[in-house]
Amino acid sequence: MLSAFMLSLMWFIIFVTPIVLFHELGHFIFARIFGVEVKVFSIGFGKPIVSWKDSKGTSWRLSMIPIGGYVKMCGGEDIAGSSFEGQAPWKKSLVVFAGPFANYILALILFITVAFFEESKQISNEVSRVESNSPAQICGIKSGDLLVDTNGKIILSPLELSKIINLSKQEKIILGIIRDHKYMQLLLIPTNNTIPHVEVMTNKNIGVTFKTYKHNKLPVSEILVNSFKEVNKNLALLFKSVIRMLTARSGIESIGGPIKVARISKHTAATQDLCNIVRLIALLSLNLGIVNLLPIPPLDGGHLLFYITEAIIKKPISIQTLLISSKIGHVLLIITMLLAFWNDMKGIEFFNKIKLLLA
């Protein structure tokens, strides 16, 4: 059997690779549209495991370190026709923006795919599964229970239940259920569940899966519109979460990195159905797109800020300004990565034992 580490790594690669692929394809496609020579397209970093060259000389690589990827373009003003630096600021801006935008497109495709797969799947208030050690199991909820009210308010759907719990300012919730045709009340204490990576978006989680049943098929147009609304709703929530983090309205404990994503990927793969797994990949894709648009070099948003400024002032930004900005950006990223690593390690049992020994 695979070790826990190898299993987490495997699911991390499965979850993250399509996200990185779409992101880099966005840069690549727009670079090719504007005639920029692309030397390398790599998924992962380090020594290539597999590589080949296409008819235009681009080296396509699958590299050893499965975290991220990159597109290496031709540089230098002397070959302005095929170099990235020789392009007009608006073209460079579009090439840079195309990466995060591709993450949005991927999320939209995944949400549409899930909607078509589920079609008209409806969710009832009947519990089909309770997660181990979850608030639902602790308070006594069992498979087959019908959840009917919270604090005396009738629940019409699981979505309404989720909204009531998340909007509630009370730590303890009285949950009314029907079991074996008898009504009873349970004391529920939801826990906070943070969506992974470097933003903070917290939902109160109780740890139940609800029973589903089929209804009439929805029109294709309605599925497309609903999927578009769902993506934009999640995009807005993620954006607000990043703003909360940047304005210090959420603590540094909300910052997470690859280890946290790997652990949550493994947990999701083990406990959720395929549709929820695809939804998590879509959310991670949106998250990567938003984070990459932060105006910090060397992120896409940092480069985008330079090119927009260049277009406004109608001249290239000085080398000294670029170097200073790049150094500041790298320092901020290193600090963020260290915080993410620290938060990731805090959740590992071995690391916690070491802290106890050193205390």
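Within a 10 angstrom radius of the beta carbon, how do V38, V148, V220 rank from fewest other beta carbons to most?
Values: V38 22, V148 16, V220 11.
Ascending number of Cβ neighbours within 10 Å: V220, V148, V38.
Net charge around D145, counting only other residues with Cβ within less than 9 Å of its Cβ (Lys, Arg = +1; Asp, Glu = -1)?
Details: positive: K142, R179; negative: E126.
Once all neighbours under 9 Å are counted, the net charge is +1.
P(r) tail for the stretch 225-329, what percent of Cα pairs lie past 18 Å?
Numbers: 3460 of 5460 pairs.
Result: 63 percent of Cα pairs exceed 18 Å.
FRET efficiency for I65 and I105, Cβ-Cβ distance as r, R0 = 22 Å, nearest 0.05? It would help to have the intermediate numbers written out before the result.
Values: r = 26 Å, r/R0 = 1.18.
In this case the efficiency is close to 0.25.
Please compute the length gained on full extension between I324 and T212, using 0.36 nm multiplied by the number of residues separating them and subtracting their Cα-Cα distance. Don't skip to the answer; put the middle values down first.
Values: separation 112, 0.36 × 112 = 40.32 nm, distance 5.59 nm.
Difference between extended and current length: 34.7 nm.
Could you give the spread of the C-alpha atoms of the stretch 127-181 along their three principal axes, from largest to smallest, in whole angstroms?
Cα extents, longest axis first: 26, 25, 17 Å.
If I model a spin label at F239 and R129 as a point 7 Å from the Cα along the Cα→Cβ vector, what separation in nanometres do I get?
3.4
Quote the FRET efficiency, to the nearest 0.05, computed for Q137 versus I334 with a Förster distance R0 of 25 Å and r equal to the Cβ-Cβ distance. Walk me through the intermediate numbers first.
On the way: r = 41 Å, r/R0 = 1.63.
With R0 = 25 Å, the Cβ-Cβ based efficiency is 0.05.
Using a Förster radius of 51 Å, what is the FRET efficiency between K47 and S221 based on their Cβ-Cβ separation? Nearest 0.05, please.
Values: r = 48 Å, r/R0 = 0.95.
After rounding to 0.05, the efficiency reads 0.60.
At 0.36 nm per residue, and after removing the present C-alpha to C-alpha distance, how many nm does the segment from H267 to T247 gain when stretched out fully? Walk me through the intermediate numbers first.
Values: separation 20, 0.36 × 20 = 7.20 nm, distance 3.04 nm.
The H267-T247 span can extend by a further 4.2 nm.
Using amide H atoms built in the peptide plane, which far-off residues or other-chain residues are under 5 Å from M73 H to H?
Amide H neighbours of M73, under 5 Å, 5+ apart: K39.
In the structure shown, do any of K56/K314; K240/K315; K92/K314; K172/K266 have a Cα-Cα gap over 24 Å, and if so which? Walk me through the numbers on the way to the answer.
Working: K56/K314 32 Å; K240/K315 34 Å; K92/K314 14 Å; K172/K266 30 Å.
Exceeds cut-off: K56/K314; K240/K315; K172/K266.
Long-range amide H contacts for G144: which residues qualify at under 5 Å (H placed 1.01 Å from N, peptide plane, sequence gap of 5 or more or a different chain)?
V127, S128
Place the peptides 179-187, 105-113, 83-91 in order of packing, highest mean first, counting for every residue the other Cβ atoms within 10 Å and averaging per peptide. Before the final figure, lay out each step's value.
On the way: 179-187: 10.9, 105-113: 20.6, 83-91: 16.9.
With the highest mean Cβ count within 10 Å placed first, the list reads 105-113, 83-91, 179-187.
Since every read-out is calculated from the coordinates, none of them should be taken as a lab result. Note that this is a predicted model, so its numbers are computed, not measured. Glycine also receives a Cβ, built like all others from the backbone with ideal geometry; neighbour counts cover every protein chain displayed.
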